[in-house]
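Everything below concerns the one structure shown next.
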Ligand code: SF4
Ligand code: SF4
């Protein structure tokens, strides 16, 4: 899932304070799981803004709403007419949701209510960890299912650097050394010999380095076209 | 000869090689580099010029290496993977070779958040590059030198002739994997290896046995790392905080004793510890050079270059070999 974190309220207030009619718009999938921007959090942020506005004597109408997903039009289209009656949408969806809604909403600004962090998992309640960096060319079969790109602070491809210390990364005692985990995992799997081979320089063009990425599925597009023809 | 560097010649001669370390300053003034180069000249076969060590901005390794070279000290330019992508790396390598540099050590480099272990502001907000890692960088240098090709495959009219180095942390975790990782560096093309500072000679011996069993010592020249200890405090810090370094208690006790015996006079205590530190360094050099497969030492007298002459003389490593046609 995509993990997000609420922005400091001061920052949010500075974004919204000059608007008169604000919708705090939550997304009930990933960012709801990480307690950052679901409908419930949108409701709380909306009331915090209302309280602050009252304190500051700023006249402002603040409402909240939440939908299942901000990254597919079918979820937000039904509410679009109403959303367009506000003069600011403070979206607590991830950055994808903010971008996507922004492109479709017309003359109304959409501002981010949260900081989008990473793709992660929930090892325990209230803890979220980054496990994949979306590099576009997965090599987890070579590294015991543990990602050196996302989980080594230097994205090293050929084993641990000299900084690994008691299983932790040189950047912090709080961060596991990804390569320590990889080597230990591969020992457990009996495949550590895979780590004896040199990994050549990567082609990073499949990652964000290659520019904005698109995945196009021609067969799905064709299917959609056929459906459309049938209907007409 | 792959590069014709002085370091390569000494290693080829079969005599134990000695490299030293020169850290460039946080300043645009060349004098500090020139001063350190004068101190080290004649007391090592080549000196590593660190590349923004501890992730702090300093005179670049290449520029400082050229300053040292002008003083007659052969440099080993260091190149970290932290700050440049492969385009900038190869451009710098061509430039370095054009300026007369002949040795290059490839390392990952401290993460940009290190900021001299938090003692300086540094640039923790810098983007980390790590387009390639140190092993891949070794391979790039080798491909440039031996095939006259850039990493991307384009031809180089004149290939840069570097003697290629890499680092080895024998005490780094996971320890059983370290010799295999070293083998990768050597298979990729590392002509020489400098190790992390060794205080625990027994640990290094046992790692070297594994290294020999893999036949690595025959394909590369391994130089054991010696960090000259200055005080009991420094040894304790190295033991507790520096990754891959452990300091046996007897060594710390020796330093403590030197300190305590000197009494309450701070200056005397400092001098006594420095004297003991030099003795320890000399002993470590001798012990490390006795280990089969070790071809030399990398002696780091950090911000204490003036200690090098005493250490080398006491270790029987002075004068350094010279080559008439060089
Ligand atoms: S290799 Fe790439 S796709 Fe696979 S887990 Fe790592 S970053 Fe994600
Ligand atoms: S300590 Fe481990 S995780 Fe951290 S940079 Fe080094 S190899 Fe990567």
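Is it the case, given these coordinates, that residue A:150 is in contact with a strand residue (DSSP E or B) (Cβ under 6 Å, 6 or more places away or on another chain), within 16 Å of ligand 1 (Cβ to nearest atom) and either within 14 Å of chain B (Cβ to nearest Cβ) or assigned to a loop (DSSP other than H, G, I, E, B) (or both)? Walk me through it before giving the result.
On the way: in contact with a strand residue (DSSP E or B) (Cβ under 6 Å, 6 or more places away or on another chain): yes; within 16 Å of ligand 1 (Cβ to nearest atom): yes; either within 14 Å of chain B (Cβ to nearest Cβ) or assigned to a loop (DSSP other than H, G, I, E, B) (or both): yes.
The answer is yes for residue A:150.
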Regarding residue B:173, is this residue outside any helix (DSSP H, G or I) and more than 13 Å from chain A (Cβ to nearest Cβ)? no
Can you tell me which residue within segment B:91-128, out of those that are closer than 19 Å to residue A:158 by Cβ and modelled with pLDDT of 95 or more, is farthest from the other protein chains (Cβ to nearest Cβ)? B:104
Those residues that are touching a helix residue (DSSP H, G or I) at 6+ places or on another chain (Cβ under 6 Å), within 23 Å of residue B:170 (Cβ to Cβ) and either free of Cβ contacts under 8 Å to residues at least 40 places away in the same chain or surrounded by fewer than 22 Cβ atoms within 10 Å (Cβ to Cβ) (or both), I need them from segment B:296-326; list them, please. B:315
Quick one: would you say residue A:37 is touching a residue at least 60 places away in the same chain (Cβ under 8 Å) and either assigned by TED's automatic domain parsing to the domain that holds residue A:112 or assigned to a helix (DSSP H, G or I) (or both)? yes
Count, please, the residues in segment B:98-120 that happen to be in a loop (DSSP other than H, G, I, E, B), surrounded by 14 or more Cβ atoms within 10 Å (Cβ to Cβ) and at positive phi. 2
Would you mind telling me which numbered condition in (1) surrounded by fewer than 23 Cβ atoms within 10 Å (Cβ to Cβ); (2) more than 10 Å from chain A (Cβ to nearest Cβ); (3) at pLDDT 95 or above residue B:131 fails? (2)
Here's a check for you: in segment A:168-183, which residue that is within 15 Å of ligand 1 (Cβ to nearest atom) and buried (at least 23 other Cβ atoms within 10 Å of the Cβ) is farthest from residue B:124 (Cα to Cα)? A:182
Name the single residue, out of those in segment A:123-160 being on the phi > 0 side of the Ramachandran plot and surrounded by fewer than 18 Cβ atoms within 10 Å (Cβ to Cβ), that is nearest to ligand 2 (Cβ to nearest atom). A:145
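The values are calculated or read from the model by the stated rules, or taken from the named source; none is laboratory data. In this text the structure is predicted, and so the values were computed from the model without any measurement. Neighbour counts are summed over all protein chains in view; Cβ atoms, including those assigned to glycine, are modelled from backbone coordinates with ideal geometry.
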